[in-house]
Amino acid sequence: MTPQPLPPPRRWQLQISERRILLMLGDALAVFVAVVLALGIWVIVDGRGLGLRFIAEHLYWFPILAVLWLLLASANDFYNLRVSSRIDTSLMRLVQVTLQIVIVYLVIFFFSPRDALPRLFILYYAVLSFILILLWRLWRPFLLGWTGTRRRALVIGSGWSARTIIEALRDEAPDDYEVVGMVTEPGDEPPVPAPVPLAGDGSNLLQIARDAQVSELILAHGHELSGEMFRAIMDCYEQGLSIIPMPLLYEQVTGRVPIEHIGQRFWTTILPIEGASIFDPYPVVKRAVDLALAVAGLGVFAVLLPLIALAMQLDSPGPVFFRQQRVGKGGRVFHIYKLRSMIPDAERDTGPRWASGDDPRITRVGKILRKTRLDEMPQLFNVLRGEMSIIGPRPERPEFVEELSRTIPFYRTRHVVKPGITGWAQVRYRYGSSEEDALIKLQYDLYYIRHQSIALDVLIMLRTVGKMLSLQGT
């Protein structure tokens with residue numbers, strides 16, 4: 001008997017990627033309108049008429065401010081759906097981004113020739129863009145029915161993976177997903193307590209989906225699907241329901257790869273296995289940027305070093321630099337160089353051990369160096385030598401790599417790329433001082449390995465600068 005078609009969803013439902021794109025498009029439109037209005041106010045104040053010729057001469061402000069806005073907004077998590085779902089957090093991020101744009105403009109204005117840039121234009125633009133983007137974010141739910149377009153989903157499975165994705169959706173995307181129930185296979189033990197209602201055992205999955213008016217099935221089963229469950233899922237797929245594996249959805253929502261929920265059978269779903277392409281410009285561009293930033297950074301470091309060294313000696317006499325073994329690309333061991341932030345011979349009595357944020361071995365100057373990440377600057381020498389990159393997973397010590405490789409699945413996959421001075425895990429997670437922290441950081445590292453690109457590298461650089469300026473480094 002042919003299954004009856006599912007009724008159409010009650011309202012238009014957007015996917016997570018589509019919601020982010022819609023947010024960006026709305027912001028970009030607001031920026032363009034703000035530029036036009038700011039140019040108009042600028043001309044009126046100056047007593048000149050606004051004409052097509054004047055606008056044509058200043059068209060460069062449209063792409064400059066739009067790109068600058070999107071970069072800074074992304075760096076401040078303004079397109080994080082958990083942030084955008086709350087007006088209070090959105091307002092705070094909007095204030096941050098607007099102030100940062102003004103600061104960038106003022107810095108450029110200060111070093112530019114006299115009358116090269118308009119003095120009050122950026123003030124007009126900042127006020128107008130703030131108002132327009134705030135209105136867009138406030139009125140978005142009413143204009144597009146945003147609050148009523150959560151994707152109604154069923155989770156296929158009842159184990160640890162199912163509970164993990166349900167909790168992740170509740171924490172990270174509460175306004176984007178509504179998990180209406182869990183579907184178990186015949187014979188599966190339901191969890192106690194269940195995070196969402198149990199909708200059935202899967203023998204009548206199509207009817208359950210029809211009654212619940214869901215648009216998506218999340219596959220979070222911990223074992224191979226039975227033939228009956230597979231056919232039930234295919235029935236739903238034929239009727240237009242979206243099917244998404246738990247690891248992919250978790251990655252989209254959190255920016256992490258859930259390696260503990262993959263299993264060795266599905267390792268190909270989390271690792272890029274197609275190999276490098278000779279036509280891919282990314283490695284060449286990345287290396288060129290690494291060399292340029294390393295040379296520039298070492299020039300700045302040379303100026304700062306005498307002052308830093310003096311402060312270190314006054315606080316804790318001893319060596320200014322220290323070197324330490326780390327594991328790099330391909331598992332090769334190399335030495336990194338850092339400014340000493342701990343007392344001399346900090347591990348003489350204990351041997352290698354995790355450092356913590358409040359470690360008593362860290363000196364007073366060392367705390368400042370860590371928070372500003374200035375202690376990492378000598379590693380620019382490692383970048384010049386090709387042992388490291390500016391962006392990548394942080395290299396770990398051989399003793400810890402050996403230990404973590406035994407207990408954490410896929411830990412060695414970090415070594416398929418060059419380690420970095422900063423990385424996705426460093427800008428998204430706190431300082432790691434335990435095996436549990438190492439697992440979470442590996443999830444972020446794998447996300448970077450899977451999605452590495454120039455755009456992601458720029459985002460990481462912007463967030464790193466933000467952490468340095470706000471003294472949030474570790």
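The values are calculated or read from the model by the stated rules, or taken from the named source; none is laboratory data. What you see is a predicted model; the values in this text were computed from it and never measured. In this analysis, Cβ positions are derived from the backbone assuming ideal geometry, glycine residues included, and neighbour counts consider all displayed protein chains.
General remarks:
So that you can scan it fast, the table gives a plain yes or no per residue for (1) modelled with pLDDT under 80; (2) in the same structural domain as Ile131 (by TED's automatic domain parsing); (3) surrounded by 12 or more Cβ atoms within 10 Å (Cβ to Cβ); (4) farther than 30 Å from Leu241 by Cβ:
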site	(1), (2), (3), (4)
Leu23	no, yes, yes, no
Asp46	yes, yes, no, yes
Tyr60	yes, yes, no, yes
Ser84	yes, yes, yes, no
Arg93	no, yes, yes, yes
Thr98	no, yes, yes, yes
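- Hits in region 430-454 - residues which are more than 18 Å from Glu251 (Cα to Cα), modelled with pLDDT under 85 and not in a loop (DSSP other than H, G, I, E, B): Glu435, Glu436
- The residue that is nearest to the chain's Cα centre (by Cα), among those in region 355-398 that are among the polar types (S, T, N, Q) and part of a loop (DSSP other than H, G, I, E, B), is Ser356.
- Test: Gly386 is farther than 30 Å from Val67 by Cα and modelled with pLDDT of 90 or more: yes
- Residue within region 67-78 that is farther than 21 Å from Gly466 by Cβ and at pLDDT below 85 present: no
- Residues located in region 62-82, provided they are within 16 Å of Trp136 (Cβ to Cβ) and either within 19 Å of the chain's Cα centre (by Cα) or outside the structural domain of Val127 (by TED's automatic domain parsing) (or both): Trp69, Leu70, Ala73, Phe78, Tyr79, Leu81
- Looking only at residues in region 100-155 that are assigned to a loop (DSSP other than H, G, I, E, B) and closer than 30 Å to Val183 by Cα, the one that is modelled with the highest pLDDT is Arg150.
- Whenever a residue of region 313-337 is at positive phi, its partners that are surrounded by 14 or more Cβ atoms within 10 Å (Cβ to Cβ) and not in a helix (DSSP H, G or I), lying with C-beta atoms within less than 8 angstrom and at least six residues away or across chains, give the pairs Gly318/Arg340; Gly318/Ile343.
- Of all residues in region 216-245, those that are loosely packed, with under 14 Cβ neighbours inside 10 Å have Cβ atoms under 7 Å from Cβ atoms of residues that are assigned to a loop (DSSP other than H, G, I, E, B) and of a type outside the set (S, T, N, Q), 6 or more apart or on another chain, in Gly240/Leu6.
- Of all residues in region 407-429, exactly one satisfies the criterion of being at pLDDT 85 or above and surrounded by fewer than 16 Cβ atoms within 10 Å (Cβ to Cβ), namely Val416.
- Candidate set: region 283-325, residues that are among the hydrophobic types (A, V, I, L, M, F, W, C) and either assigned to a loop (DSSP other than H, G, I, E, B) or in contact with a Gly (Cβ under 9 Å, 6 or more places away or on another chain) (or both); chosen: the one nearest to Asp345 (Cα to Cα): Val320
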